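The values are calculated or read from the model by the stated rules, or taken from the named source; none is laboratory data. All values reported here derive from a predicted model rather than from experimental measurement. Backbone-built Cβ (ideal geometry, glycine too); neighbour counts: all protein chains shown. Each accessible area value is taken on the protein alone, full model and side chains, heavy atoms only, with ligands, DNA and RNA left out. Shrake-Rupley method; radii C 1.70, N 1.55, O 1.52, S 1.80 Å.
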Amino acid sequence: MPLIEVSIAEGRSPQQLRSLVSALHRAAEESVGAVPDNTTVIIREIPTTHWSRGDVTIAER
């Protein structure tokens, strides 16, 4: 029963996020034999003003 949590900067299209969900489900199934119906994927979209590296936010880059 894998729980896969991903934090990603906001700005992706619904289609891109759906593609990510599918790829994560496939990866869990292929790598650890997870049953798709028992796999949960949570995507957290973080505003680019709330994510920084080296004291610079993604929005500022």
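Taking every protein chain into account, the accessible area of the chain amounts to 75 square angstrom per residue (probe 1.4 Å). At the listed q of 0.14, 0.28 Å⁻¹, the Debye profile of the chain, built from one uniform point per Cα, gives log10 I(q)/I(0) equal to -0.49, -1.08. If you take all other residues with their beta carbon under 11 Å from the beta carbon of GLY54, and give Lys and Arg +1 and Asp and Glu -1, the sum is 0. Distance between the 7 Å Cα→Cβ label points at SER13 and SER52: 3.3 nm.
On a 0 to 90 degree scale, rounded to 10, what angle separates helix 14-32 from the longest Cα axis of the chain? Once rounded, the angle reads 50 degrees.
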